[in-house]
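Colleague: Got a structure for you, written out below as structure tokens; questions coming shortly.
The values are calculated or read from the model by the stated rules, or taken from the named source; none is laboratory data. Remember, predicted model here, so these are calculated numbers, not experimental data. All Cβ positions, glycine included, derive from the backbone under ideal geometry; neighbour counts span all protein chains shown. These accessible areas exclude ligands, DNA and RNA; they are computed on the full protein's heavy atoms, side chains included. Shrake-Rupley method; radii C 1.70, N 1.55, O 1.52, S 1.80 Å.
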Amino acid sequence: MLPFHSKNTPRLSLIFLSIFLSPVVNAEQKKPNILILLADNWAAPHASVMGDKSVKTPTFDAIARHGVLFENAFCQVPSCSPSRAVLLTGRVSHQLQDAANLWGKFPDDQWTFPLALEEVENYKVGYTIKGWGPGRYLNKRHTFGNPNPAGNKSESFEKFLSGVGTQPFCFWFGSHDPHRPWQAEQQYYAGLMHERVEVPGYLPDHPTVREEIVDYYAEVQKFDAECGRMIELLKETDKYENTIILMLGDNGWQMPRGLANVYDWGTHVPFAIQWPEKIKAGIESTTFISFEDIAPTLFDLLGLSTKPMSGASFSEVLTGASVRHRKEVFLERERHANVRQRDACYPCRAIRTQNYLWIWNIRPELYPAGDPETYWAVGPFGDIDNSHTKSLLLDGTAVTGLASFRELAVGKRPEYELYDLRSDPWQVSNVSGHQAYRRIERQLKSRVIRWMKQTDDPRSVHPKTDVFDKYEYFGGAAK
């Protein structure tokens with residue numbers, strides 16, 4: 001599989017790119033539109049169709065009914081900018097230089113599928129609110145300005161549609177919900193009750209935590225409602241039947257052990273996709289999906305070559321031709337917020353299978369949530385965003401029963417972690433090194449090392465390399 005542009009490969013010219021984008025279907029066939037509905041920090045299984053008994057997500061549920069619901073979709077990196085970069089490029093994060101870090105710089109000459117569709121396939125591409133980011137970008141490949149890697153900024157989807165005409169389009173709705181601060185309008189609290197929410201086993205069952213979960217759910221319901229209104233616009237403009245609609249979260253929620261962690265609540269996200277004309281309806285798939293697979297799948301559905309990407313198409317699952325795609329996903333992280341001395345990352349590589357999660361914390365001497373004292377961004381333990389729950393854990397030393405949860409959130413972690421998900425779904429009991437798990441742990445570690453080598457991970461040669469630490473951080477200082 002051919003690589004994208006990097007420091008060690010020639011720049012992909014438009015001529016080279018056009019070869020890869022050559023259609024493999026009838027040129028006269030009407031090109032489908034693409035609508036990406038992307039939530040900001042929405043974790044699985046926080047959707048009613050996925051079994052959550054508190055939150056209501058009728059729009060997401062409808063897309064799942066009309067298409068395919070993926071029960072095991074993972075964002076590859078539990079951090080906004082890197083996860084979005086993986087989605088846009090079809091590459092794993094450590095292949096993307098600066099873009100492997102939050103608040104980094106998107107590589108100047110990096111290909112993304114929306115801009116490629118605009119340049120070569122005459123798609124109208126746009127986004128609203130949050131595209132790729134946060135970070136900086138300068139698309140030197142493009143002669144028509146400096147678009148966000150997700151497309152050209154638009155005031156709204158309605159405004160964008162009014163200028164589309166008969167042109168095929170690719171639109172990215174990057175909501176700010178359910179990103180903190182969790183302050184949705186009152187109507188989105190309908191049906192939510194503190195006493196009914198499920199408090200995960202890695203958080204204390206405390207009124208403060210329950211209240212914040214309800215606030216988060218309200219923003220999930222707001223996002224779902226806004227997506228519903230956009231789908232109605234498609235129907236009103238007779239574009240619904242020929243539009244591929246994807247609805248998903250970019251990474252996990254902003255609770256301790258969620259965002260910036262490779263545990264499930266940082267990487268496991270809701271994901272459903274429909275296309276009335278082509279995708280089989282009513283499939284609930286348990287096969288594993290990783291974000292680098294999304295761009296090649298879209299190109300496969302459009303009849304375009306997927307050769308420039310390192311992900312793999314799961315289009316056969318969408319059509320019902322196969323029930324299998326991946327049996328595992330590989331996860332990673334580098335620098336989330338800049339919260340450690342010497343701008344240090346907290347590098348992890350991990351593998352998630354049906355029954356196990358194995359994690360390699362490459363620099364276990366560091367604090368996983370950031371330094372206890374403010375270094376540059378956010379505040380103490382700054383890889384956990386500030387919240388009432390975080391304050392409860394850090395400041396509630398007089399509250400009985402919080403010590404173990406505080407340690408789970410901010411304490412240093414061993415080099416290796418292994419969780420048996422059959423008996424430990426909350427991923428809190430590390431069984432790495434236990435005699436009964438030594439064989440499976442050797443196998444999981446071997447698979448991660450092999451994946452790192454196959455994908456040219458800088459850490460496959462020098463595990464403690466500081467190459468990712470040296471990339472510039474463009475985020476602001478803590479207030």
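Colleague: Select from segment 405-419 the residues that are over 13 Å from ILE359 (Cβ atoms) and either open to solvent by 70 Å² or more (accessible area, probe 1.4 Å) or assigned to a loop (DSSP other than H, G, I, E, B) (or both) and list them in ascending order.
Modeller: So the first thing to find is which residues in segment 405-419 are over 13 Å from ILE359 (Cβ atoms), and the list is 405-412.
Result: GLU407, GLY411, LYS412.
Colleague: Something else about it: Quick one: which strands (runs of 3 or more DSSP E) sit completely within segment 326-389 and have at least 1 residues that are closer than 19 Å to SER81 by Cα? If you could, list the steps in order and put the result at the bottom.
Modeller: Working: elements: 329-333, 348-352, 356-361.
Once the strands (runs of 3 or more DSSP E) in segment 326-389 are filtered for at least 1 residues that are closer than 19 Å to SER81 by Cα, what remains is 329-333, 348-352.
Conditions (1) of a type in the set (Phe, Trp, Tyr); (2) at pLDDT 95 or above; (3) within 20 Å of SER460 (Cβ to Cβ), marked per residue:
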position	(1), (2), (3)
SER310	no, no, yes
GLU316	no, yes, no
ARG333	no, yes, yes
VAL339	no, yes, no
CYS345	no, yes, yes
THR353	no, yes, no
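Colleague: Within segment 302-316, does at least one residue satisfy the condition of being in contact (Cβ under 8 Å) with a residue 60 or more places away in the chain, on the phi > 0 side of the Ramachandran plot and open to solvent by 60 Å² or more (accessible area, probe 1.4 Å)?
Modeller: no
Colleague: How many residues, within segment 163-190, are surrounded by 13 or more Cβ atoms within 10 Å (Cβ to Cβ) and of a type outside the set (Phe, Trp, Tyr)?
Modeller: 11
Colleague: Of the conditions (1) in contact (Cβ under 8 Å) with a residue 24 or more places away in the chain; (2) open to solvent by 10 Å² or more (accessible area, probe 1.4 Å); (3) part of a loop (DSSP other than H, G, I, E, B), TRP253 clears all except one; give me its number.
Modeller: Unmet for TRP253, out of (1) in contact (Cβ under 8 Å) with a residue 24 or more places away in the chain; (2) open to solvent by 10 Å² or more (accessible area, probe 1.4 Å); (3) part of a loop (DSSP other than H, G, I, E, B): (2).
Colleague: I'm told TYR375 meets every condition in (1) farther than 19 Å from ALA260 by Cβ; (2) hydroxyl-bearing (Ser, Thr, Tyr); (3) buried (at least 20 other Cβ atoms within 10 Å of the Cβ) except one. Can you identify the failing condition by its number?
Modeller: Among (1) farther than 19 Å from ALA260 by Cβ; (2) hydroxyl-bearing (Ser, Thr, Tyr); (3) buried (at least 20 other Cβ atoms within 10 Å of the Cβ), the lone unmet condition for TYR375 is (1).
Colleague: Then there is this: If you take the residues in segment 441-479 that are aliphatic (A, V, I, L, M) and either in contact with a Ser or Thr (Cβ under 9 Å, 6 or more places away or on another chain) or open to solvent by 50 Å² or more (accessible area, probe 1.4 Å) (or both), which one is nearest to ASP385 (Cα to Cα)?
Modeller: Let us first name the residues in segment 441-479 that are aliphatic (A, V, I, L, M), namely 444, 448-449, 452, 461, 467, 477-478.
After this cut, where a residue has to be either in contact with a Ser or Thr (Cβ under 9 Å, 6 or more places away or on another chain) or open to solvent by 50 Å² or more (accessible area, probe 1.4 Å) (or both) as well, the list is 444, 449, 452, 461, 477-478.
On the way: LEU444: 31, ILE449: 31, MET452: 29, VAL461: 33, ALA477: 14, ALA478: 11 Å.
Selected residue: ALA478.
Colleague: Please go through (1) surrounded by 23 or more Cβ atoms within 10 Å (Cβ to Cβ); (2) not in a helix (DSSP H, G or I) for ILE279 and return the number of the only condition it doesn't satisfy.
Modeller: For ILE279, the failing item is (1).
Colleague: Taking the condition in a loop (DSSP other than H, G, I, E, B) and hydrophobic (A, V, I, L, M, F, W, C), does LEU233 pass?
Modeller: Considered against the rule, which asks whether it is in a loop (DSSP other than H, G, I, E, B) and hydrophobic (A, V, I, L, M, F, W, C), LEU233 comes out as no.
Colleague: With the condition kept exactly as written, say whether any residue in segment 110-123 is over 22 Å from the mean Cα position of the chain (by Cα), open to solvent by less than 10 Å² (accessible area, probe 1.4 Å) and touching a residue at least 60 places away in the same chain (Cβ under 8 Å).
Modeller: yes
Colleague: From the residues in segment 191-230 that are more than 16 Å from ASP385 (Cβ to Cβ), among the charged types (D, E, K, R) and touching a residue at least 60 places away in the same chain (Cβ under 8 Å), which one is most open to solvent (accessible area, probe 1.4 Å)?
Modeller: Within segment 191-230, the match that is most open to solvent (accessible area, probe 1.4 Å) is ARG196.
Colleague: Grab the helices (runs of 4 or more DSSP H) fully contained in segment 1-92, keeping just those with 2 or more residues being out of contact with any Cys (no Cβ under 9 Å at 6 or more places or on another chain), open to solvent by less than 40 Å² (accessible area, probe 1.4 Å) and modelled with pLDDT under 95.
Modeller: 14-20
Colleague: If I ask for residues that are aliphatic (A, V, I, L, M), over 23 Å from TYR419 (Cβ atoms) and under 25 Å from the mean Cα position of the chain (by Cα), which ones from segment 358-403 would you list?
Modeller: Keep residues of segment 358-403 that are aliphatic (A, V, I, L, M), which gives 359, 362, 366, 369, 377-378, 384, 392-394, 398-399, 402-403.
Filter again for over 23 Å from TYR419 (Cβ atoms), leaving 377-378, 392, 394, 398-399.
Of everything in segment 358-403, those that are aliphatic (A, V, I, L, M), over 23 Å from TYR419 (Cβ atoms) and under 25 Å from the mean Cα position of the chain (by Cα) turn out to be ALA377, VAL378.
Colleague: Further, regarding this structure: Among the residues of segment 420-440, write down those that are within 25 Å of the chain's Cα centre (by Cα), open to solvent by less than 40 Å² (accessible area, probe 1.4 Å) and among the hydrophobic types (A, V, I, L, M, F, W, C).
Modeller: Of everything in segment 420-440, just one residue is within 25 Å of the chain's Cα centre (by Cα), open to solvent by less than 40 Å² (accessible area, probe 1.4 Å) and among the hydrophobic types (A, V, I, L, M, F, W, C), namely LEU421.
Colleague: Here is a further query. Pull out all pairs, ordered by first then second residue, where Cβ-Cβ is under 7 Å, the residues are six or more apart or on different chains, the first lies in segment 362-377 and is at positive phi, and the second is at pLDDT 95 or above and open to solvent by less than 30 Å² (accessible area, probe 1.4 Å).
Modeller: What qualifies is GLY370/ALA337; GLY370/VAL339; GLY370/ARG340; GLY370/PHE381; GLY370/GLY382; GLY370/ASP383.
Colleague: Considering only residues that are within 15 Å of the chain's Cα centre (by Cα) and charged (D, E, K, R), look in segment 64-109 and name the one that is farthest from ALA260 (Cα to Cα).
Modeller: Only one residue fits best here, namely GLU71.
Colleague: For segment 430-479, which residues satisfy the criterion of being more than 26 Å from ARG340 (Cα to Cα), touching a residue at least 60 places away in the same chain (Cβ under 8 Å) and among the small types (Gly, Ala, Ser)?
Modeller: Selection gives SER432 alone.
Colleague: Still on this structure: Hey, does segment 364-372 have a residue that's open to solvent by 50 Å² or more (accessible area, probe 1.4 Å), modelled with pLDDT under 95 and either hydroxyl-bearing (Ser, Thr, Tyr) or farther than 20 Å from ASP250 by Cα (or both)?
Modeller: no
Colleague: If we scan segment 186-205, do we find a residue that is modelled with pLDDT of 95 or more and on the phi > 0 side of the Ramachandran plot?
Modeller: The answer is yes, given that some residue of segment 186-205 is modelled with pLDDT of 95 or more and on the phi > 0 side of the Ramachandran plot.
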